[in-house]
Structures are given as C-alpha cells and as structure tokens.
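The block underneath contains the structure these notes are about, expressed in structure tokens.
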2 protein chains.
Amino acid sequence: MDNDIILLAHGSGGELSHELVERLFLRHFDNPILAQLEDAATVPFSRFTLHASRASARLAFTTDSYVVSPIFFPGGDIGKLAVCGTVNDLAMSGATPLYLSAGFILEEGLELVELERVVASMATTARAASVQIVTGDTKVVDRGSADRLFINTAGIGVVPEGVELGSDRVRDGDVVLLSGTLGDHGMTIMSQREGLRFDSPLQSDCAPLQGLVAAMLQAAPQGLRCLRDPTRGGLATTLNEIATRSGVGIEIEEAAIPVRDAVRAACELLGLDPLYVANEGKLVAFASPEAADSLLAAMRSHPYGREATVIGQVRAEHGGRVVLRTPLGARRILDMLVGDQLPRIC
Amino acid sequence: MDNDIILLAHGSGGELSHELVERLFLRHFDNPILAQLEDAATVPFSRFTLHASRASARLAFTTDSYVVSPIFFPGGDIGKLAVCGTVNDLAMSGATPLYLSAGFILEEGLELVELERVVASMATTARAASVQIVTGDTKVVDRGSADRLFINTAGIGVVPEGVELGSDRVRDGDVVLLSGTLGDHGMTIMSQREGLRFDSPLQSDCAPLQGLVAAMLQAAPQGLRCLRDPTRGGLATTLNEIATRSGVGIEIEEAAIPVRDAVRAACELLGLDPLYVANEGKLVAFASPEAADSLLAAMRSHPYGREATVIGQVRAEHGGRVVLRTPLGARRILDMLVGDQLPRIC
C-alpha cells in the first residue's frame, strides 16, 4: 500500500478505507462470504443444519474486546488472542464455533506492518480453529485517543442437539478437572511489561480450545456438566462464579493445581497468586463422577489437554463458596478477585 | 454503586466487574438470555424458525465499532448510534434484526453517570428496534489510552425466505430512492465539535430503520433490489460502492436531493459537500421501475421515510460510475470520498 502508517483517512469510509479492506483484510481473511462486502454477511441456514437438526439445537453468540498491552508477546499477539478468546467462549457453551466478526479500532500512526502481522495472525488462528471471519469494521481515532490497536470479535456457533452445558447443571459430587497449568498468559504479559527475565522463558498459553471440547463431548456427551475458561480473574474467580450461580460449594486441592516453575517464580516476585492470574488456553470442566475418568483420558490425548488433572470436587456442604485445601490439610475460603490485579491482560 | 467513576478494577473480571454487570447492564438490558451470564448467549433455533422456514432462509451477521466524539450530541449519543448502526446494517441485508452483542472499552476515570446514560439509551433504542442485547463485555484501559468510551455492537438477524437484496441485483433502468434529507448526522457532530450555532438547530437523524425496511419489503417484495445506509463517506461513497460492484452506472439529479437549510449552511461554512457527509437514519434503495411508486408510497407512510424521494436512475451507459446531473443540466462524475472529511463521526 502507498502509506506505511495508519492515517485518519483509513477510517473515513472512502478510498483509503477500501484499499485497507481489499489489500489487507480480504487478502488475509480470504473467504467468499466476507468478499461480498455487503453491510451484513449472510450465511445459509443449511450450513447450520449440517451440524444440528432443528428440533433442539441452539445458536450461541458471544463477544469480547481485546486491549492487551503489549500487542505482541511470547506465545501470541492481540490478533491470536482475539480469535482464541471468542472461539473459546463459544466452545465453553458446547457450541461448534462457525463465524467471527472483527472490529478494529486503530490509533492514527499505527505502523501498517504491525497491523498486517496482527491480521495475518488472526487468519492463521481462525484456520486452526475452523472458523471464518465473515464481517468486519475499521475505525481510526486521532493520536492519543487509543493505544495503537483494540480489536473486538463477536462469534456465532451452533450448540448440537442434546448438548446442555451450564453452571446450573453442576451437582454435588461432580469432579472438577483442569486442562493444564495456570497463570501462563497473565504472567507472560506482566513480565513483558515489567521487563522481567527468567531462566525458563514464560510463554502465553493462548490457544483455540474448540477441538479439545469436541473430544470431551465425544468421550462423555452426558457426563459433562459445565465448561469455563478461566481468563480475567483467574481460576478462583471462575470457580466463584459457578459456585454462586449453581448454589453448590466447590473444594479444590492446592497441591493438585499445576503451575510452571517460571510462572510461580514470577508470581512470587510480583506478589501475585496464580489462582487469580488470567489464562487464555485452559478450561475447567465439571463432570459427573462416572464420566470423570473417560473425560480425563480424552483431555490428556489432546495437545491442549496433555497436563489435564483432577483438582477438586463439588461439595454441597460448602454451599455457594469455593474452599481451598492447602497441602497441610487446612481449608480456607477462596474469594473472587477483589480489586485490580492485572490491567489490560486481554 | 459505591464508586462514581470507572476504575481499572471494573475491567478486572473480579468483584467490581460483577457489580457493573449486575447493577448496570443487567438492569437496563433486562432479558432472560443475558441474565444467564454464560460465556456465550444461547438462543433456540425455533426463535429463528418463527421468522423463516429452513429451506432458503439465511442468517445475517454484522459488526461496527463506535468512536464518535462527542459521545452526547443533539438527536442521540454513542449508545443510540451503536444500536441503530448495527440494526440498520442488518436491515439493509433484508434481515429482521434479532440479537445484539455489546462490547465496551472504557477509559479509567469515565463518570459512571455518563456510562449509565449511554447504557439506558442503548436499552431504549433496542426496544424501539425490537432487538435484545443478549451478550456483552467490558474492558477498562488506563487514563489516556482511550477517549472516554468506545462501543462495539455485533448483530444477528434472519433474512426471510424469498428476500434477496444486494448490489449484484441492481439492473439498468432501476430507480434510485432516498428516504430523506442528507448530512444531518455528520453536520451535527461537526458543528458540536467546532462550536457552531445556527438559527434552526442541527440534529442527528440517528434512527433504527428495521420498521421502514419491513414496510418496504411488504409493499414490493420482488421489486426491491438493494438497500444501503449512506453512513461514513456519505451518499456519494455508497453509490460508488454499488456502481463498482454491480458494474452498472448511476445517474442522480442534484436538485432532487433533499438537504435541510441548516445543514447546507453548515456545509458551506466548513467547505463540505453534503453528498459526502455521514447519515445515520437514512437509506438509499434501488427498485425496479414497476415497483418504484408503491415503494415510495410505503416509505412516505413511515415516520422515518416521510421525505422520501426519487433521486436518480441506474444507467448502463455510465458503466461502473456515478454521474451527477446539476440543476443547469451539466453532468459530472461523482467520485468516492478521497481523504478524510470528518474523523470520528460514528
């Protein structure tokens, strides 16, 4: 393109906007639905009915904005995050993610090569997650009115007939499974911002989890009750949300929770608790006791669940609260995140 | 709520985030789908099939981010704009708008009363447009990293069976209809920013157009070929997009285009052409010659189409170009917007 930085005119709707769409977005997000460039993308119903008969299937719809700083980090970037985060929110509802929208807010002066790197990363991640980016929008704000680049993605998917996941389905005695280590994403961002270096480098766990969820639904279609990805606020906050909404208590074993050495070291240095740190490629699952073993086996067979493990159990007697059992056997209540541990982590 | 400004902790995912969701968003956007607060909203397919049998109906999906400055202006605010803009993009595809997502990027320090005013306006507009806001997200960035408040909305709707609109359906001889005056939104924002005052005050035309489109589809289901809302870049840019994609030429009559006196005065003062100024409650329609009269009558019977008028015709001999016929009978080519006329207009 003729310019090497983003100008206000790129957001005007005029010629430079069209150039950006055609030479950047259409090229990377290449698909026939986006290429129609109508005000709204239209997709045939039959695309959905391949996945679901009409009787009880449902449509899933979600959105997230991404404001992570820095926009490039070990293990990912804001574009990969924007695709994974929305794909994962759909997957947690049991949906097969299908279509994404992408809304960009660009700061005047952003380097076009940086934008292209982000867009290319979104395209690669979308292919890995088997979704298509079918509609989008770009706005440009004057220098100082945004910090380089914010992205919103919304996503739609189909929840197959018979799949019913949700915090209201969690029952006393259910087993709590975690797909891998905690804190990798949050501590990677934090260490980048603080300029910390460790012997074994930190890397974000940012990953699309729709394949892991599909494997779990196949292994135990009935025994899986609820899925969540512990992003902002970390595992502790996610478990508190589920405990509050389901009305049951949750007890987890501190010693069972996997945390990488480098993440633990970074947490200690910064005075943070890995239970409250954001993850972007992990899920927590609630399963019936009968289904737990086959679910765990299915998770461990998947690249994004190799370190999956049982971390606790639903216990009615803790009614609505999350209780942490320490390695020494003491029990303490694990609250929701209070205050602001890590701004602009996602 | 305990605080009267937005803090970074409102975006942490923790307790203050939950307070914001429950006391502000859930209260105003009140609906049972949002209230489930799962990672993705799920809606039953039957809700869609009420509107459309499965055979040829399609789902419409669109997104826009809103960065308008100032966030409150005569005739609307960023929240009303965020609902209308996305509802209108769905309506232009012939879809019945159904569900919206709302993603907020808030600057630390934003007054909560301002946010509440915007959220209440979104709720009112959503009711007027017969859509539900079913899923959302809030991020907070540090002071100076955004300008108060940006909103992204994505929307889904259903295109009823038999409705086929698009720039590829435009044919030689089609009549071009405009639903009302040009330039009201853009010149309102611009005058606010420049501190201009006029005898008859300017007001944004920001309005949800799904009702007007429904009336038009009912009046002439077959004769309506293509709908567009001339937002950023104005009517001239919208017509150029259609001419380019359809390959046909468009001739419009300058004298036929309605512009309010105050808008014309503001345009003259600022050296702007109303044909390039953004509108947020207007549409341009392409209709078969046989359907034009009944469409025009249907438009004029609707509150948002009272000043509808015929402004031109599709003329194959202008192949791919937009031609303006001046009051004196001269013809000149009307180009797409070049450069940046009005930043942060929507």
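Tabulated results
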read-out: Given (1) within 14 Å of chain B (Cβ to nearest Cβ); (2) within 16 Å of residue A:275 (Cα to Cα), number of the condition residue A:344 does not satisfy; value: (2)
read-out: Where a residue in the range B:127-153 is more than 23 Å from residue B:209 (Cβ to Cβ) and its partner, wherever it lies, is among the hydroxyl-bearing types (Ser, Thr, Tyr) and not in a strand (DSSP E or B), with Cβ under 6 Å and at least six apart; value: B:147/A:145
read-out: Hits in the range A:127-162 (condition: closer than 29 Å to residue B:149 by Cα, under 23 Å from the mean Cα position of the chain (by Cα) and of a type in the set (S, T, N, Q)); value: A:132, A:135, A:138, A:152, A:153
read-out: Pick from the range A:58-86, criterion over 15 Å from residue B:42 (Cα atoms) and of a type in the set (S, T, N, Q), ranking: surrounded by the fewest Cβ atoms within 10 Å (Cβ to Cβ); value: A:69
read-out: Failed item, numbered, when residue B:114 is tested on (1) acidic (Asp, Glu); (2) within 12 Å of another protein chain (Cβ to nearest Cβ); (3) out of contact with any helix residue (DSSP H, G or I) (no Cβ under 7 Å at 6 or more places or on another chain); value: (2)
read-out: Residue identified as open to solvent by less than 70 Å² (accessible area, probe 1.4 Å), more than 13 Å from chain A (Cβ to nearest Cβ) and more than 30 Å from residue A:106 (Cα to Cα) among B:255, B:287, B:266; value: B:287
read-out: Counted residues, the range A:317-332 - those being exposed (fewer than 12 other Cβ atoms within 10 Å of the Cβ) and either within 14 Å of chain B (Cβ to nearest Cβ) or touching a residue at least 40 places away in the same chain (Cβ under 8 Å) (or both); value: 5
read-out: Residue in the range B:207-227 that is within 29 Å of residue B:97 (Cα to Cα), within 14 Å of chain A (Cβ to nearest Cβ), among the β-branched types (Val, Ile, Thr) and assigned to a helix (DSSP H, G or I) present; value: yes
read-out: Members of the range B:303-319 that are outside any strand (DSSP E or B) and either under 19 Å from residue B:291 (Cβ atoms) or at pLDDT below 95 (or both); value: B:305, B:308, B:316, B:317, B:318, B:319
read-out: Leading residue by the ranking (surrounded by the most Cβ atoms within 10 Å (Cβ to Cβ)) among those in the range A:87-112 that are assigned to a helix (DSSP H, G or I) and touching an Asp or Glu at 6+ places or on another chain (Cβ under 7 Å); value: A:88
read-out: Some residue of the range B:255-265 being in contact (Cβ under 8 Å) with a residue 40 or more places away in the chain, more than 26 Å from residue B:196 (Cα to Cα) and either assigned to a helix (DSSP H, G or I) or of a type in the set (A, V, I, L, M) (or both); value: yes
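Residues checked against (1) open to solvent by 10 Å² or more (accessible area, probe 1.4 Å); (2) under 30 Å from residue A:14 (Cα atoms):
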site	(1), (2)
A:148	yes, yes
A:156	no, yes
A:163	yes, no
A:171	yes, no
A:174	no, no
A:178	no, no
A:207	no, no
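The values are calculated or read from the model by the stated rules, or taken from the named source; none is laboratory data. Remember, it's a predicted structure, so these values are computed and weren't measured experimentally. Here Cβ is always computed from backbone atoms with ideal geometry, including for glycine, and neighbour counts include all displayed protein chains. SASA here: full protein model, heavy atoms, side chains in, ligands and nucleic acids out. Shrake-Rupley method; radii C 1.70, N 1.55, O 1.52, S 1.80 Å.
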